[in-house]
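In what follows, a structure is listed as structure tokens, so that the remarks can point back to it.
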Amino acid sequence: MGARGPGRGPAIATAAAGGVLAGWVLGAVVRRFSVRTGVSDEEAFGSLPGDDVIPHPMVEWTRGITVQGDPERVWPWLAQMGYGRGGWYTPESVDLLANRWVFGQKRPFPASANRLLPEYQQVEVGDLICDGPDYASYFRVHRVDPPHALVYRSIRHPRSGSKIDITDPDSPSRVEKQLRDSEKYFDFTWTPVLNQLAGHRTRLLVRTRGNYGPRTSPLLVIPLGLVDATYGVAMLRAIARRVEGPTP
């Protein structure tokens, strides 16, 4: 076996240190992308409506986009959101995956609306907004502040949603208690926010804050954040396209 050259040891050490540094930088970039996308430091770290609902979250994700249009023009697209309403404006592939993986159904989600729907423009505190076939999951409306913010909250099993009987007024509270008692849940707020900019533009932000069980779930936080960043930004862009297109 040949003798090791005088510069070989330091070169290996330098290469190893470089690999560690590159891995650390890549990890930091991935972590950052998982928790914030398209937002400034002020937007990412500043308070938004709904932050008080879950004041000490285990996870917080903030996404943003600039829309060419005033908040009054964006708001109707937010007001009609929901399964069986205007949809969530998420990519069809994501909807199909959710339907199969979470709800165990092969049929696709209803397509998101490409026009404003007058029958779904009313949304009030206390409403239950469907998020899956036959209320397989749902959101409670916690705050309505047109044309500025909508605050939703949902408590669901991370795999199977939160199936309720919409005809039973006690069903949501009963299901939420069962999920908390089981310690297998994701309890989160989801808040679209509209901030006016100069030149008839709007900053459309979406913040998710949540707690979860069991405690081993941190292993999934970064992967789920990356998924949220991907489809969350796609949803924001889809809303922007609808707002910026011809008046419906």
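The values are calculated or read from the model by the stated rules, or taken from the named source; none is laboratory data. Source: prediction; values computed, not measured. Because the Cβ atoms are built from the backbone with ideal geometry, glycine has one as well, and the counts that use them run over all protein chains shown. In case anyone asks, the SASA skips ligands and DNA or RNA and just uses the protein heavy atoms, side chains included. Shrake-Rupley method; radii C 1.70, N 1.55, O 1.52, S 1.80 Å.
Over segment 29-75, average the accessible area per residue using a 1.4 Å probe and give it in Å², no decimals.
52 Å²
How high is the FRET efficiency between residue 226 and residue 178 when r is their beta carbon distance and R₀ equals 25 Å, given to the nearest 0.05?
Here the calculated transfer efficiency is 0.25.
How would you rank 173-186, 56-69, highest first, on the average number of other Cβ atoms within 10 Å across their residues?
56-69, 173-186
Roll a 1.4 Å probe over the protein chains and send me the accessible area per residue for segment 110-165 in Å².
Heavy-atom SASA per residue in segment 110-165 reads 49 Å².
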